[in-house]
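**Student:** Pasting a structure here, questions to come.
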Amino acid sequence: MTQVLLYAHLPGVAILDILTILQVGFSLLGILTSVGLLRLRERARIAAIFLSTVPVLVVVFGLFLFVATNQPHGPASIAAGLGIVMYGAFLAILLPVSIWWLVVLTRDEARSHFH
């Protein structure tokens, strides 16, 4: 147990550990969802709808954080500006794809195929 909590006093490392666990968890959920979609399972359709909305919400939250913490001058300002541009580009890519998945998976035709 002490080995797991070795870096608990460093908040940056703890946040990275939590983010890594979340990424692995969402990756496993994505793999299971894809298998379920191939087998036309209703739970997989719902999970795919969930997985199509979560990345957009995370990017919007990150974009909000970069805008809220933007410094007026210095290196922090450059980093925040780059983060705003990157998260804006991610949002421009993810939003249409997520909307497409929502439209496709919530149609009556698609619902009737899943059991």
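Just so it is clear, none of the values below were taken in a lab; they were calculated from the coordinates. These numbers come from a predicted model, not from an experiment.
**Student:** Each residue of region 97-104 in order: what ³J(HN,Hα) in whole Hz does its phi give by Karplus 6.51 cos²θ - 1.76 cosθ + 1.60, θ = phi - 60°, with x for Gly and Pro?
**Tutor:** Rounded to whole hertz, the list is 5, 5, 5, 4, 4, 4, 5, 5.
**Student:** Whole-Hz Karplus ³J(HN,Hα) for region 34-45, in order, using 6.51 cos²θ - 1.76 cosθ + 1.60 and θ = phi - 60°, x for Gly and Pro?
**Tutor:** Listing the rounded values in order: 5, 5, x, 5, 5, 8, 6, 8, 5, 4, 5, 5 Hz.
**Student:** Further question on the same structure: Return an integer: the convex hull volume of the alpha-carbon atoms of region 11-113, in Å³ per residue.
**Tutor:** 101
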